Amino acid sequence: MPGRPEPVRSGSCFLNTAALAALLAIKTVRVIPQARAANVERFGRYRSTLQAGLNFVVPVLDRIKPLIDLREQVVSFEDQPVITEATWWSTSTPCCSSR
């Protein structure tokens, strides 16, 4: 009959459900590399920090922020004048002046 909709095939419904389940399983497991960490936010508020290794999160509620590098970082600073004992003696006035 032309007015009746086609019935949903059970095979396509099963494939859609399996694809959704696989997507949720992939989003649940997070692997954090060594010397890295990741902050987890739930509804925009800090929840926890994921350490290196295998971690599990709730895919719809939790948002993983970009990875944080935990390695040491070298920062160069400009030279700064330092008062030492040698510079103090050379700039101080002598207590007794000889004439």
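The values are calculated or read from the model by the stated rules, or taken from the named source; none is laboratory data. Since we're looking at a predicted model, the values are computed, not measured. Don't worry about glycine lacking a Cβ; one is built from the backbone with ideal geometry, like all the others, and counts go over all protein chains shown.
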Being surrounded by 13 or more Cβ atoms within 10 Å (Cβ to Cβ), part of a strand (DSSP E or B) and touching a Phe, Trp or Tyr at 6+ places or on another chain (Cβ under 9 Å) is the filter here; which residues of the stretch 14-61 pass it? Arg30, Asn39, Val40
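Every residue, every condition in (1) under 30 Å from Leu67 (Cβ atoms); (2) modelled with pLDDT under 95, yes or no:
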{"site": "Arg4", "(1), (2)": "no, yes"}
{"site": "Pro7", "(1), (2)": "no, yes"}
{"site": "Phe14", "(1), (2)": "no, yes"}
{"site": "Ala18", "(1), (2)": "no, yes"}
{"site": "Leu23", "(1), (2)": "yes, yes"}
{"site": "Ile32", "(1), (2)": "yes, no"}
Within the stretch 62-90, tally of residues that are loosely packed, with under 10 Cβ neighbours inside 10 Å and under 21 Å from Ala25 (Cβ atoms): 0
